[in-house]
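Below is one structure, written out as structure tokens; comments come after it.
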Amino acid sequence: MTDPLTSELLTLALEAARRAGTLLRDGRPDDLAVARTKSSPIDVVTEMDIAAEKLITGYLTEHRPDDGFLGEEGASSTGTSGVRWVIDPLDGTVNYLYGLPTWAVSIAAELDGETVVGVVAAPMRGETFRAVLGDGAYLGERRLRCRPAPPLDQALVSTGFNYVHTVRSHQAQVAERLIPRLRDIRRSGSAAIDLCDVAAGRLDGYYERGLSPWDLAAGDLIAREAGARTGGRPGEPPSGDLTVAAGPGVFEPLQTLLEDLGAWHD
């Protein structure tokens, strides 16, 4: 059972994600355009990313004014409560820009630096994933478990590609060498959804280089609470160098192979 604080944080995260998801789903303008770019001309932010983050931070601040924030679109404050919200208001922005359905709202709550609550809402799939540290992961009322481990050559694995040309070119070379060693590779365009799909048993594994804390905070907890293992390079936690998530039998061979292929560098 969750304690009163994590119960409160979960309730707030679920409601903030629901509100932001509704805004994004129902408020998307027909003439949606790029508001600005970040790491490259194809790494885009729309006006809806900004509006969703403002909605989330406003709602959470109303209920917990002393908490800190780390958001993809600029929300940043330390707070004084020991709680920090890590927010990706729209994970899968390019999908959203093109009208593709694979995008999500990702909200995690950290307590003294440890992620204790994670919520990922995927409105176009009608799904909301959630997890509390030590209390399991759920899709709606269904408790999630990752898939039983197949041999690596029968594993379905997802990945993503960076928006910086030199990085994505190397990632393509890694994928080219990896594909013959797996059942197949998928690419959804949303790290948060990929991590949740590992939790739900829809993927055997997932890896990506170049993620930021807001990309993986909620999904990483959901995957771990569903029985998956997560990490970065061998012996390291998930990071911008490399994030790997997979069922226990797939994780180590996949991580080792990615290390051998140099998936963590250009």
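Rank these by accessible area, largest first, 1.4 Å probe: L100, L32. Show your work: numbers first, answer last.
Details: L100 90, L32 25 Å².
Ranked list, largest accessible area first: L100, L32.
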Quiz item: Taking the mean number of other Cβ atoms within 10 Å as a proxy for protection, how do you rank 128-134, 69-75 from highest to lowest?
Solution: 128-134, 69-75
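The range 114-191: which GluC sites (Glu not before Pro) are DSSP loop and have at most 11 other beta-carbon atoms within 10 angstrom?
Details: sites: E114, E127, E141, E176; in loops: E141.
Passing both the DSSP loop test and the Cβ count: E141.
Using only alpha carbon pairs under 8 Å that are at least six residues apart, calculate the relative contact order of the chain and give it in whole percent.
Relative contact order comes out at 16 percent.
Can you give the convex hull volume of the alpha carbon atoms of the chain per residue, in Å³?
Numbers: hull volume 30.8 nm³, N = 266.
Per residue, the Cα convex hull of the chain comes to 116 Å³.
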Quiz item: Do you know the relative contact order of the range 121-266, to the nearest whole percent, from alpha carbon pairs under 8 angstrom that are 6+ apart?
Solution: 28
Quiz item: Excluding ligands and nucleic acids, what accessible area in Å² is computed for S239 using a 1.4 Å probe, to the nearest 10?
Solution: 40
Self-check item: Projected area averaged over orientations for the range 131-256, convex hull of C-alpha atoms, nm²
Solution: 7.1
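Rounded to the nearest 0.05, what FRET efficiency do E252 and Q173 have when you use their Cβ-Cβ distance and R0 = 22 Å?
0.45
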Self-check item: Surface accessible to a 1.4 Å probe, R183 within the full protein complex, Å²
Solution: 150
Quiz item: How far, in degrees from 0 to 90, does helix 165-178 lean away from the longest principal axis of the Cα atoms of the chain, to the nearest 10?
Solution: 50
Self-check item: Computed accessible area, F251, all protein chains, 1.4 angstrom probe, square angstrom
Solution: 10
Practice problem: From largest accessible area down, sort H165, H63; use a 1.4 Å probe on the protein chains. | Solution: H165, H63
Quiz item: Which is farthest toward the positive dipole end of the chain among L14, W85, A172, measuring Cα position about the Cα centre, with Cβ charges +1 (Lys, Arg) and -1 (Asp, Glu)?
Solution: A172
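Quickly estimate the mean residue ellipticity at 222 nm for the chain, helices only: each DSSP H run with n ≥ 4 gives -39500 (n - 2.57), and the total goes over all residues, rounded to 500.
Working: 7 runs with 96 residues, N = 266.
Computed mean residue ellipticity for the chain: -11500 deg cm²/dmol.
The values are calculated or read from the model by the stated rules, or taken from the named source; none is laboratory data. None of these values were measured; they are calculated from a predicted model. Here the Cβ is made from the backbone with ideal geometry for all residues, glycine too, and neighbour counts use every protein chain on show. Protein only, heavy atoms only, side chains kept; ligands, DNA and RNA dropped before computing areas. Shrake-Rupley method; radii C 1.70, N 1.55, O 1.52, S 1.80 Å.
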